[in-house]
Amino acid sequence: MTNSLTRYAPHVLSVLRVVTAFIFLLHGTQKLLGIPAATRMPDFLSMLWVAGALEIVGGVLLIIGLFTRPTAFVLSGLMAFAYFIAHAPRSIFPTLNGGDAAILYCFVFLYLVFAGPGPWSLDARRR
């Protein structure tokens, strides 16, 4: 059974990349565009505004699988930074400080740095 599932691993990697990037993109559109839920727009070039811009641009790049490794590297760092700046001061436990998503994003993006985008990506087409 393992061999039959292993052959799908590259394609599931592409699905992981797209789904993760889409959900991540929604964090940026919520911050900067008020979509899907209206929020107060952060001040231009504030840390929150820059994070929202990186979430939108990085999310789109990862969805299409373009410049996947460098984009995932930057976004992994962004999520590590977000965790230690915004979440860790509240509590040591991620389930109490609301940082569990930031940790997951950080490590999924770090995985994409090493694993690449998978076959369903513009990066794969460019090769």
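Quick grid of which residues meet (1) out of contact with any Pro (no Cβ under 9 Å at 6 or more places or on another chain); (2) modelled with pLDDT under 95:
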{"site": "P10", "(1), (2)": "no, no"}
{"site": "L13", "(1), (2)": "no, no"}
{"site": "H27", "(1), (2)": "yes, no"}
{"site": "G34", "(1), (2)": "yes, yes"}
{"site": "P42", "(1), (2)": "yes, yes"}
{"site": "W49", "(1), (2)": "no, no"}
{"site": "E55", "(1), (2)": "yes, no"}
{"site": "V60", "(1), (2)": "yes, no"}
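Residue by residue, here is whether (1) within 19 Å of I103 (Cα to Cα); (2) part of a loop (DSSP other than H, G, I, E, B); (3) touching a residue at least 40 places away in the same chain (Cβ under 8 Å) holds:
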residue: A21; (1), (2), (3): yes, no, yes
residue: L25; (1), (2), (3): yes, no, no
residue: A38; (1), (2), (3): no, yes, no
residue: E55; (1), (2), (3): yes, no, no
residue: G58; (1), (2), (3): yes, no, no
Worksheet item: Is the range 83-93 home to any residue that is assigned to a helix (DSSP H, G or I), under 14 Å from A21 (Cβ atoms) and either among the acidic types (D, E) or touching a Gly at 6+ places or on another chain (Cβ under 9 Å) (or both)?
Response: no
Item to complete: Taking only the range 99-110 into account, find how many residues are surrounded by fewer than 18 Cβ atoms within 10 Å (Cβ to Cβ) and touching a residue at least 12 places away in the same chain (Cβ under 8 Å).
Response: 3
Worksheet item: Which condition number in (1) surrounded by fewer than 16 Cβ atoms within 10 Å (Cβ to Cβ); (2) small (G, A, S); (3) in contact with a Leu (Cβ under 7 Å, 6 or more places away or on another chain) is the one that S91 fails?
Response: (3)
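The values are calculated or read from the model by the stated rules, or taken from the named source; none is laboratory data. Given the structure is predicted, the values throughout are model-derived calculations rather than measurements. Because the Cβ atoms are built from the backbone with ideal geometry, glycine has one as well, and the counts that use them run over all protein chains shown.
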